[in-house]
Amino acid sequence: MKLKNYFKCALMIIGLIGFTSTLKAQAKKPTKAQVEKRDSLFRAMSKRLELTSEQEVKMKEILRQNQKDLKVIKEQVKNQPKAEKKKALMAQLNTNEQKINAILNPKQQAEFKLIRNEFKEELKTRKKNKPANSKPAYNWDEEELL
């Protein structure tokens, strides 16, 4: 159960869920349930990293901007091969990670690194256990995560 919560925090931090998870290609307003889930994940992440009020404001802005950037990237690479899509996504994730680390103190950076590593391990486990015909974790058409 604890690992599952860490996984959710990691997704939030990395920005893959961002502030508008499960949106279709066209802009839609998130449902009340999506907003509540997003807010809950953010509170859990904030608590785990022990963010100050100022850091929370900065983190929210970083995550909002990341979501906007991901939408632009998605549009730019929609007709590109899968490897190019992945390369573009990873570049954005690295940029986002640097922005997040810039607002964290050393203790928080270490905790953030742990969250990232837990997330990577969880993805490996899911990849090993998923059926051959299952849907990919990130669908460029639906922007939906796991």
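Shown in residue order for the stretch 59-69 are the 3J(HN,Hα) couplings computed by the Karplus curve 6.51 cos²θ - 1.76 cosθ + 1.60 at θ = phi - 60°: 4, 4, 5, 4, 5, 4, 5, 4, 4, 4, 4 Hz (x for Gly and Pro). In this structure, the pairs whose alpha-carbon distance is over 27 Å, taken from Lys58/Lys78; Lys87/Lys120; Lys29/Lys124; Lys58/Lys120, are Lys58/Lys78; Lys29/Lys124. By the Stokes-Einstein formula, at 0.890 mPa s and 25 °C, the stretch 61-124 with its Kirkwood radius over alpha-carbon pairs has D equal to 188 µm²/s. Here the 3J(HN,Hα) profile of the stretch 46-55, calculated from phi with Karplus coefficients 6.51, -1.76 and 1.60 at θ = phi - 60°, is 4, 5, 5, 7, 6, 6, 7, 4, 5, 5 Hz, Gly and Pro shown as x. Between the stretch 54-90 and the stretch 103-122, how far is it from one alpha carbon centroid to the other, in angstrom? Rounded to whole Å, the Cα centres lie 19 Å apart.
Laboratory data are not the source of any read-out in this text; all were calculated from the coordinates shown. Because the structure is predicted, anything quoted here is derived from the model rather than measured.
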